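Notes follow once the structure below has been shown.
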Amino acid sequence: MSIKNIAVIGAGTMGNGIAHVFAQNNFNVSLVDIQQDYLDKAILTITKNLDRQIKKEIITETDKEKTLSNIKKVVGIENIPAETDLVVEAIIEDRDLKLSIFKKLESQLKPEAIFASNTSSISITELSAVCRADRFIGMHFMNPVPVMKLVEIIRGYSTSDETYNSIKELAETLGKTPVEVHDYPGFIANRILMPMINEAVFSLYEGVASAVDIDTVMKLGMNHPMGPLTLADFIGLDVCLAIMDVLYEGFNDSKYRPCPLLKKMVAAGKLGRKSGEGFFQY
């Protein structure tokens, strides 16, 4: 099918990044959230990121204005335009909330529209059970979306080849590199990344080394661009914990048990960059 009109649900870090990329590639984007101020903040972030691209001579001022003109702010999922071809859900990792959104949209949008979730770990098959399972898919972008090339495309149990091929081609149109992944907890990126982060937290918890030294080992010894604890702070410790919980529950394997220190820090509200403190101060 021809995809032109995109609704991105959730104006947070991932949502505004996804909206940015679609709008920059001349798609009509409805950026959707529950409050106007969330949307205003998202547009401000997109504007700043576009200015950064201008400074790096990636785009022009005209490109920036065109991109912003392609985004429409929408308060409430009930106001998503009927002509929407693709929905990309990018809210918090809350299974019940995601299910509620897709269940409502099933009767609201045209039957041929594709539903996609940017979930980083929740089962695509499970999310698709309340709506059009054959036209449901995972479209997991990486943060920061305008910069990172990878998109994990996750097939649910009933995802059709037509849906997969449409989304694969769409990702390529965005200048991304799509990778096909089947529906297992954590998919590929987080199934590998999060246990590494969790093990780094265990190393800190057990007093093996300081947070700075753990990150230094991984940066200098493994040539990682940032250490796992810094990366955890960047992602959000609450998000890391939510993904570890999905892995632990999904595989029923003790190797995915979240570190007690990670759980304690989340309970204390020490979530990383977004709260001003995590493994490091910001």
Please list, ordered by chain and number, the residues whose modelled amide H lies under 5 Å from the amide H of Ser30; skip anything fewer than 5 residues away on the same chain. Ile6, Ala7, Val8, Lys72
Would you mind estimating how fast the stretch 137-282 diffuses translationally, via Stokes-Einstein at 20 °C and 1.002 mPa s with the Kirkwood radius over Cα pairs, in µm²/s? 130
So which trypsin sites (Lys or Arg not before Pro) in the stretch 1-98 end up in coil per DSSP with only 15 or fewer other C-beta atoms within 10 Å? Lys4, Lys56
Give a residue-ordered list of calculated ³J(HN,Hα) values for the stretch 142-152 (Karplus: 6.51 cos²θ - 1.76 cosθ + 1.60, θ = phi - 60°; whole Hz; x for Gly, Pro). 9, 9, x, 4, x, 9, 7, 8, 7, 10, 7
Would you calculate, for the chain, the mean residue ellipticity at 222 nm contributed by helices, counting each DSSP H stretch of 4 or more residues as -39,500 (n - 2.57) and dividing by all residues, to the nearest 500? -14000 deg cm²/dmol
Inter-centroid distance (Cα atoms) of the stretch 46-106 relative to the stretch 265-282, Å: 27
Quick check: pseudo-label points 7 Å beyond the Cα along Cα→Cβ at Lys255 and Lys66, how many nm apart are they? 4.8
Within straight cross-link reach of Lys66, meaning Cα distance under 19 Å, which aspartates and glutamates are found once same-chain residues fewer than 8 apart are removed? Asp40, Asp51, Glu57
At each listed q (0.13 Å⁻¹), what is the log10 of I(q)/I(0) that the Debye formula gives for the stretch 1-156 modelled as equal alpha-carbon point scatterers? -0.55
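What is the Å³ per residue value for the convex hull set by the Cα atoms of the stretch 58-148? Let's see the in-between values first.
Numbers: hull volume 10.7 nm³, N = 91.
Roughly 118 Å³ of hull volume per residue.
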What per residue convex hull volume, in Å³, do the alpha-carbon atoms of the stretch 192-273 yield? 88
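Pulled fully out, how much extra length does the chain show between Gln108 and Lys264, if you take 0.36 nm times their separation in residues and subtract their Cα-Cα distance? Before the final figure, lay out the partial values.
Values: separation 156, 0.36 × 156 = 56.16 nm, distance 4.10 nm.
Value of the extension gain: 52.1 nm.
Expressed in nm to one decimal, what extension gain is obtained for the pair Asn165 and Ala129 from 0.36 nm per residue of sequence separation less their Cα-Cα distance?
Working: separation 36, 0.36 × 36 = 12.96 nm, distance 2.08 nm.
The Asn165-Ala129 span can extend by a further 10.9 nm.
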Exposed loop sites here are GluC sites (Glu not before Pro) in DSSP loop states with at most 14 other C-beta atoms within 10 Å. What is the longest stretch of the chain lacking them? 113-205
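Values in this text are rule-based calculations from the coordinates and carry no lab data. What you see is a predicted model; the values in this text were computed from it and never measured. Every residue, glycine among them, receives a Cβ derived from its backbone with ideal geometry; neighbour counts consider all protein chains shown.
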